[in-house]
Amino acid sequence: MTAVGDRIKTLKAAKNAVILAHTYQPPEVQDCADYVGDSYGLSVEATATQAETIIFCGVMFMAETAAILNPHKTVIIPEPRAGCPWRR
């Protein structure tokens, strides 16, 4: 793992966070993720995690779904302008 990857791993543990990444994310994002999958799989994983914070590397509607399914957790989307090319 790279120095950046080690730092991310340390921060995830300190903040009780999990990183969920969609399959279309670049390899460097997927490498740091705890779970990589499609939008349905990520929603399932979001409800299964014990982490207090969910970092969602996907599009806004996926992060919104995770927030709805986990009202007592913090859901963060690193790129809030992330959109889906199929939703115009």
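The values are calculated or read from the model by the stated rules, or taken from the named source; none is laboratory data. Note that this is a predicted model, so its numbers are computed, not measured. Positions of Cβ are generated from backbone atoms using ideal geometry, with glycine treated the same way; all protein chains shown enter the neighbour counts. When the accessible area is computed, the model is the full protein with side chains, heavy atoms only, and any ligands, DNA or RNA have been set aside. Shrake-Rupley method; radii C 1.70, N 1.55, O 1.52, S 1.80 Å.
To put it simply, the accessible area of the chain at a 1.4 Å probe is 58 percent carbon and sulfur. Secondary-structure-derived ellipticity at 222 nm for the chain, considering helices only, amounts to -13000 deg cm²/dmol, per-run term -39500 (n - 2.57) for DSSP H runs with n ≥ 4. Rank 44, 22, 56 by how far each Cα sits towards the positive end of the charge dipole of region 1-85 (+1 on Lys, Arg Cβ; -1 on Asp, Glu Cβ) and give me just the farthest. Looking along the dipole axis, the top candidate is 56. With loop membership from DSSP and a limit of 15 other Cβ atoms within 10 Å, the longest segment of the chain without chymotrypsin sites (Phe, Trp or Tyr not before Pro) is 25-85.
What accessible surface, in Å², does a 1.4 Å probe find on residue 9, ignoring ligands, DNA and RNA and rounding to the nearest 10? So the heavy atoms of residue 9 present about 130 Å² to solvent.
Solvent-accessible area per residue for the chain at a 1.4 Å probe radius, Å²?
Accessible area per residue: 66 Å².
Sites listed here are GluC sites (Glu not before Pro) in region 18-88 whose DSSP assignment is loop and whose Cβ has at most 13 other Cβ atoms within 10 Å: 52.
Counting only aspartates and glutamates at least 8 places from residue 9 when in the same chain, those with an alpha carbon closer than 14 Å to its own are 28, 31, 34. For Kirkwood radius over Cα pairs in Å, the value calculated from this model appears in (i) 20.9; (ii) 13.0; (iii) 14.9 under label (ii). Can you give me the relative contact order of the chain as a percent, contacts being Cα pairs under 8 Å and 6 or more apart? Relative contact order, the chain: 25 percent.
Extension gain residue 40-residue 68, at 0.36 nm per residue separation less the Cα-Cα distance, in nm? Spell out each step's value before the answer.
On the way: separation 28, 0.36 × 28 = 10.08 nm, distance 1.38 nm.
Roughly 8.7 nm would be gained on extension.
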